[in-house]
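This report refers to the structure that appears directly beneath it.
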Amino acid sequence: MSPLLTDILILLAKVFLIVNGLLMAAAYLVYFERKISAWAHNRIGPNRVGPLGLFQSFADVFKLYLKEDIIPTLADKKLHFIAPIISIGVAMAVYAVIPFGDSFMVGGKEVFMSVAPGVNIGLLFVFAMSSVGVYGITLAGWSSNNKYSLLGGLRSAAQMISYELSMGLSIIGVLMIAGSLDLTQIVHAQAGGKWNIFLQPLAFIIFLVASFAETNRTPFDLPEAEPELVGGYHTEYSGMKFGLFFLAEYANMVTASAMMVLLFLGGWEMPGLYEALALPAGSPLVALVQFGVFAAKLVPILFFFIWVRWSLPRFRYDQLMNLGWKVMLPLALANIVITGIVMTLLKHYGIM
Amino acid sequence: MPQITIDGQRIETSAGKTIIEAALDNGIDIPHFCWHPGLSVSGNCRMCLVNTGFPRKSADGSLERDENGGNVINWGPKLAIACATPVADGMVIDTQGQRTEHAQNAIMEFLLINHPLDCPICDEAGECKLQEYAFLHSKGQSRYNEKKNHKDKRVELGPNVMFDGERCISCSRCIRFADEVAKQPVLTFVQRGDHVTIETFPGTTFDSPYSMNVNDICPVGALTSMDFRFASRVWEMSFTDSICPGCSRGCNIKVGVRNNEILRLEPRTNMHVNEYWMCDNARLTQYKFVNENRISSPMIRKGNTLVSASWQEATSQAADLLKKFKPSEIMVVGSARATNEDNYLLAKFAHNTIKTNNIDFLRHIDNSFSDNSLRTNDRTPNAHGAVEVGVKHEQPSGVSMSNLAERIKQRSIKALYVMDGDIAANSSLTDALDDLDCLIVHATNHNSTTERAHVVLASTTYAELEGTFTNLNKRVQYVQPAVATQDHERIEGMQMSRWDKFGAPNDRWARGERRNCRQNWEIVQDIANMLGAGWHYTNSENVFKDISNHVSAFSGMSYDLLQEFQGLTLGKAGSPEPKGVVYQSNYMKPN
Amino acid sequence: MNVNHNTEKDRLNFWEKLYLPEIARGLGLTLRQMFKKPMTRQYPEERWEPTGSYRGRPVLVLEEDGERCVACSLCSRVCPALAIEVQAAETTKEKERYPVKFEINMLRCIYCGFCEEVCPEEAIVMSKDYELIFTNQEDAILGKDKLLIPIAQLQDRLEFLRRFK
Ligand code: SF4
Ligand code: SF4
Ligand code: SF4
Ligand code: SF4
Ligand code: FES
């Protein structure tokens, strides 16, 4: 086998794993979303399809496939068709640069735990892509030719822009510490328990809140706000096109959680664990354990996302904007300044 | 002119009137059972007791004043019945005070002692005076613990009148009606006290042609109509003001409709036409043909059968057929059952569009039907109007109904355009119709003429149209739709029953048949326009305006005035007779 | 000047304005709920038997000698949803009126119980039946065949009405 062919095969395998893994993750997130909401309501939740209702999500997807795909007469047909594809496409593209662990060696070949390893602007790529995600939603709202959809789309655009700013500013502290935009580098910078959540608690909170807003989750789900906007941007979507938006929302949730793990919770780093296991460096086993650690950190955050949704009411629009511009943005800026001063002082006294 | 004061309201009235009449003239309703403006006074129910008195005068002849400056009244020692006490100048009447109210309560309690109070079963419920007064003028309690009297129920007093002895309150309205109006004095009270009941004299039955009016005037559910019994609750029907098409009297009626189906007809007060009454024949027949055996869409002949067609097909077929004949070969037949508007446009169609002088209509004279009360020998509502608006045969060369059969046989008439009328039922014409090359009919019901027709145009009955009829005394009266068709809703709006107002198309009760029929003038206009007439009448009122502008007898009339004065006489639109008081026996009944 | 002193800014104290502590309290509340026993039941397997006070679908009382209803149409008149249609006819029985047609459109009925309250004969009562499944509009219009229920099955409701109506 020529090296090129091997590379391509490995790449395809990784893409296959990630795409399917992501879809499965999204499916089970929906399942857990419903289960957790049921628990919070003292209900039982889905329990009919498969044991404990575990196959409920597949039944849902199956149903969505069978449903009639309705395109409103006055809709802009092309955009109406493209919008959900943009949403899901962008949500998935982000995973190209997300590393799930260090590289490992198979048959003398280094295999990286991400689709596009070593992208030195990985973080920027994630941000860029998630900004493009706004287009999916805004176009969906615009092309449906429905006032509710349009309102949803507009809200989404305004909300994303407002929170992207604080989100971007909040991680500058992290970047200053790591000195790199490469996500693997950032993780490595947190090795030995120097997790950014401890070094940058304010940034973490800002990032967390902004992630909720970026993923349109309660308490910031104004773009879909069922009581006011029927369904917001996806009011006029049915069948699998609606399903794509639905999947994109959960994929984004996973992205946001993964970013939190990578940026603030030390990624796959776990002080003492690898030393205790004493596995040979570069073996696939190490990679597996790293992935396990990564997942173990991811799950509580996902739970938190769901938990918040079933606890908090939706913000009012003015509250949303006040919070974004008058609280989060100044705080994020202050965080940069403080980080900068502290780092300069530390350097000055030679501690770092 | 005596001046009286009722409940503080000063009223000028004329001598000889009773208190109840004077009050009614001024819109004050004194509760009553046995009094009826169309009958003599019997004064036996005592419901109309009122407190009467006169201002007290001092020795010097001036009126005494109380501390507030009002008159001091010498109230009578006993209450007086308003229906039999004539007014006197200066009389003061109190219909609402404590004394009157006490008397009313007492009378109601008396009347209800033996009354079964089975309103849920009783057909009168909803339009029952006893119910109304129990609600308005009674304490709603009885101190009577003994067993109630039982009397005969379901007694047939006549072929159309069912009597329930237990519900009778012995007001004698029915007896007086039979004596005075129906002129068939066969009803009487028998027994005495609380055993009193109504019977017919042995060997007789109450079968006067006006007998069913007693069902209306009986203030309770003692007399009910065998034709209507239990058909519907009164509040479930929408009542539309209309004119009876049964004869040329043009009795004013109300049409009771539920689920787009006429369930009953009842008279409407018009002091210049039918007063308070109408005949049994109309009540029994003039709704059936609207509900049954209807032509519910236009039809055209294909070979030997008539098949339903769209309006476009049917009218263009009719226009094409007419184009094939010379004007002199076409005869146009109007109708005395159609409105003035219909006949007017038909005449215009004949004279101006087809350009023929052959126009006439068929009279329906039945001398056995007339009497010297309401019924007349002309069984159509609008013979006068048809002539007046131009459907007449006095043209020099014109063909008339009398020589029509002969002309058809001679082949000088080859095409017949008939508006609403079963001319084949007329024996002299039956055979002749078979010789025609073209027979176009407007028809409401299937009949022997439609069987022979080449084009049948479904037209509306009197209950589905808006228009005017002219009665034998040349009174023009307004008719409005009581039944909805596919093209036209009813125009009563919020007066309709709850079911008609709020029912949705998928409710069963709202799914009564809506027929695809049109008013005659609309059909004529469509065909005329296909033959190049260029008319633009959009509704009946348009046509009527045209009539009042062009036909001198109608000048000055409008639908609004016709409704306001309950009809206007031809040529006298400028000096209408006053409408007078419209007596309504059951004012709590829906519309 | 007309100044409103009850603005959000004035109402909330510092901690509330911060949102975070309140959010934490809210999250705590839901978390506690998650460990409680579910209140719901597994419906088609575990059924619920309502008590006499329950207002299920309205039905007509059937006695040994036929229905109690005399077709007075009061229920039809009072029904706020126009769900009831009654057509009366004459019988030779002592109560000379009976319903030839009695239909309740269950798509319209809002289970208010007004029909039961107005009925002078206690002929229409609210049953315990809450399982109403229809596959088309016509099926949802229940006629006398489906409405008449033997009086023995309605004892709970009749007893309830005797005591509380
Ligand atoms: S006559 Fe009147 S009060 Fe008497 S049962 Fe009939 S509706 Fe009721
Ligand atoms: S039957 Fe009717 S109208 Fe005749 S006396 Fe009795 S209550 Fe009066
Ligand atoms: S109210 Fe009672 S008696 Fe009257 S129609 Fe309804 S069910 Fe029958
Ligand atoms: S329960 Fe209420 S809505 Fe239902 S039929 Fe009876 S009155 Fe009508
Ligand atoms: S109305 Fe006067 S006594 Fe009957």
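The values are calculated or read from the model by the stated rules, or taken from the named source; none is laboratory data. This one's a predicted model, so the numbers in the text were calculated from it and none came from an experiment. Cβ: placed from backbone, ideal geometry, glycine included. Neighbour counts: every protein chain shown. Accessible surface areas use protein heavy atoms only, side chains included; no ligands, DNA or RNA. Shrake-Rupley method; radii C 1.70, N 1.55, O 1.52, S 1.80 Å.
Examine the stretch A:324-334 for a residue that is within 18 Å of A:GLU214 (Cα to Cα), surrounded by fewer than 17 Cβ atoms within 10 Å (Cβ to Cβ) and away from chain C (no Cβ under 14 Å), and state whether such a residue exists.
Scanning the stretch A:324-334, I find at least one residue that is within 18 Å of A:GLU214 (Cα to Cα), surrounded by fewer than 17 Cβ atoms within 10 Å (Cβ to Cβ) and away from chain C (no Cβ under 14 Å), so the answer is yes.
Taking the stretch C:87-105 as the search range and keeping residues that are under 24 Å from C:GLN153 (Cβ atoms) and open to solvent by less than 10 Å² (accessible area, probe 1.4 Å), which one is nearest to ligand 4 (Cβ to nearest atom)?
Among them, the one singled out is C:ILE104.
Could you list all residues from the stretch B:106-125 that are farther than 21 Å from B:TYR144 by Cα and surrounded by 21 or more Cβ atoms within 10 Å (Cβ to Cβ)?
B:ILE121, B:CYS122, B:ASP123, B:GLU124
When only residues in the stretch C:63-111 that are under 15 Å from B:ARG229 (Cβ atoms), of a type outside the set (Val, Ile, Thr) and at the interface with another protein chain (Cβ under 7 Å from one of its Cβ atoms) count, which is farthest from ligand 1 (Cβ to nearest atom)?
Among those that are under 15 Å from B:ARG229 (Cβ atoms), of a type outside the set (Val, Ile, Thr) and at the interface with another protein chain (Cβ under 7 Å from one of its Cβ atoms), it is C:ALA89.
Tell me which of these B:LYS572 doesn't satisfy, since it passes every other one: (1) closer than 21 Å to B:MET419 by Cβ; (2) open to solvent by 20 Å² or more (accessible area, probe 1.4 Å); (3) of a type outside the set (Phe, Trp, Tyr).
Against the list (1) closer than 21 Å to B:MET419 by Cβ; (2) open to solvent by 20 Å² or more (accessible area, probe 1.4 Å); (3) of a type outside the set (Phe, Trp, Tyr), B:LYS572 comes up short only on (1).
Could you pull out the residue among B:PRO202, B:PRO185 that is without any contact (Cβ under 8 Å) to a residue 24 or more places away in the chain and touching a helix residue (DSSP H, G or I) at 6+ places or on another chain (Cβ under 8 Å)?
So the residue among B:PRO202, B:PRO185 that is without any contact (Cβ under 8 Å) to a residue 24 or more places away in the chain and touching a helix residue (DSSP H, G or I) at 6+ places or on another chain (Cβ under 8 Å) is B:PRO185.
Between a residue in the stretch A:237-260 that is on the phi > 0 side of the Ramachandran plot and any residue that is among the aliphatic types (A, V, I, L, M), which pairs come within a Cβ distance under 9 Å, given they are 6 or more apart or on different chains?
Listed pairs, sorted by first residue: A:GLY239/A:LEU64; A:GLY239/A:LEU66; A:GLY239/A:ILE70.
Mind listing just one residue for me: the one in the stretch A:261-302 that is in a loop (DSSP other than H, G, I, E, B), open to solvent by less than 70 Å² (accessible area, probe 1.4 Å) and without any contact (Cβ under 8 Å) to a residue 12 or more places away in the chain and, of those, nearest to A:PHE127 (Cα to Cα)?
That would be A:GLY272.
So which pairs qualify, if the first residue must be in the stretch B:39-54 and open to solvent by less than 10 Å² (accessible area, probe 1.4 Å) and outside any strand (DSSP E or B), the second must be of a type in the set (Asp, Glu) and within 16 Å of ligand 1 (Cβ to nearest atom), the Cβ gap must be under 6 Å, and the two must be at least 6 apart or on different chains?
Correct list of pairs: empty, since none qualify.
Between a residue in the stretch A:26-49 that is in contact (Cβ under 8 Å) with a residue 60 or more places away in the chain and any residue that is surrounded by fewer than 18 Cβ atoms within 10 Å (Cβ to Cβ), which pairs come within a Cβ distance under 6 Å, given they are 6 or more apart or on different chains?
That search, which allows pairs on different chains as well, returns A:ALA40/C:GLN33; A:ALA40/C:MET34.
Among the residues of the stretch C:112-165 satisfying the criterion of being closer than 22 Å to C:TRP48 by Cβ and small (Gly, Ala, Ser), which is farthest from the chain's Cα centre (by Cα)?
C:ALA152
Could you go through the stretch B:141-153 and let me know if any residue there is within 16 Å of ligand 5 (Cβ to nearest atom) and more than 14 Å from chain C (Cβ to nearest Cβ).
Looking through the stretch B:141-153, none of the residues is within 16 Å of ligand 5 (Cβ to nearest atom) and more than 14 Å from chain C (Cβ to nearest Cβ).
For the stretch B:55-82, which positions are within 12 Å of ligand 5 (Cβ to nearest atom) and either within 14 Å of another protein chain (Cβ to nearest Cβ) or outside any loop (DSSP other than H, G, I, E, B) (or both)?
The answer is B:ALA80, B:ILE81.
Need the failing condition index for B:ILE253 against (1) over 12 Å from the mean Cα position of the chain (by Cα); (2) buried (at least 21 other Cβ atoms within 10 Å of the Cβ); (3) among the hydrophobic types (A, V, I, L, M, F, W, C); (4) more than 16 Å from ligand 1 (Cβ to nearest atom), just the number.
Of (1) over 12 Å from the mean Cα position of the chain (by Cα); (2) buried (at least 21 other Cβ atoms within 10 Å of the Cβ); (3) among the hydrophobic types (A, V, I, L, M, F, W, C); (4) more than 16 Å from ligand 1 (Cβ to nearest atom), only one is false for B:ILE253: (1).
Going through the stretch B:404-430 one residue at a time, which ones are of a type outside the set (A, V, I, L, M, F, W, C) and modelled with pLDDT under 85?
Selection gives B:ASP420, B:GLY421, B:ASP422, B:ASN426, B:SER427, B:SER428, B:THR430.
Taking C:GLN137, is it assigned to a helix (DSSP H, G or I), open to solvent by 60 Å² or more (accessible area, probe 1.4 Å) and away from ligand 3 (no atom under 16 Å from the Cβ)?
No: the conditions fail for C:GLN137.
Give, as residue ranges, the helices (runs of 4 or more DSSP H) completely inside the stretch B:408-502 that count at least 3 residues that are open to solvent by 10 Å² or more (accessible area, probe 1.4 Å) and small (Gly, Ala, Ser).
The helices (runs of 4 or more DSSP H) meeting that bar number zero.
Does C:GLY56 satisfy the criteria of being open to solvent by less than 30 Å² (accessible area, probe 1.4 Å) and within 26 Å of C:GLU46 (Cβ to Cβ)?
Against the criterion (open to solvent by less than 30 Å² (accessible area, probe 1.4 Å) and within 26 Å of C:GLU46 (Cβ to Cβ)), C:GLY56 qualifies.
Out of all the residues in the stretch B:510-525, which are under 15 Å from B:ALA463 (Cα atoms) and surrounded by 24 or more Cβ atoms within 10 Å (Cβ to Cβ)?
Answer for the stretch B:510-525, where residues must be under 15 Å from B:ALA463 (Cα atoms) and surrounded by 24 or more Cβ atoms within 10 Å (Cβ to Cβ): B:CYS517, B:ARG518, B:GLN519, B:ASN520.
Take B:GLU180 and tell me if it is surrounded by fewer than 19 Cβ atoms within 10 Å (Cβ to Cβ), touching a residue at least 40 places away in the same chain (Cβ under 8 Å) and within 14 Å of ligand 2 (Cβ to nearest atom).
yes
Quick check on my filter: what residues within the stretch B:179-228 are acidic (Asp, Glu) and under 21 Å from B:LYS148 (Cα atoms)?
If the condition is that a residue be acidic (Asp, Glu) and under 21 Å from B:LYS148 (Cα atoms), then B:ASP194, B:GLU199 are the ones that fit.
I'd like the full set of residues that are without any contact (Cβ under 8 Å) to a residue 12 or more places away in the chain, more than 17 Å from the chain's Cα centre (by Cα) and within 14 Å of another protein chain (Cβ to nearest Cβ), limited to the stretch A:177-212.
A:PRO201
In the stretch B:334-369, what count of residues is obtained for those that are closer than 19 Å to B:ALA533 by Cβ and either acidic (Asp, Glu) or not in a helix (DSSP H, G or I) (or both)?
Going through the stretch B:334-369 one residue at a time, the tally reaches 9.
Working only within the stretch A:133-142, note down all residues that are touching a Ser or Thr at 6+ places or on another chain (Cβ under 8 Å) and not hydrophobic (A, V, I, L, M, F, W, C).
Within the stretch A:133-142, A:GLY133, A:GLY136, A:THR138, A:GLY141 meet the criteria.
For A:PHE315, state whether it is within 14 Å of chain C (Cβ to nearest Cβ) and buried (at least 19 other Cβ atoms within 10 Å of the Cβ).
Yes; evaluated as a whole, the condition is true for this residue.
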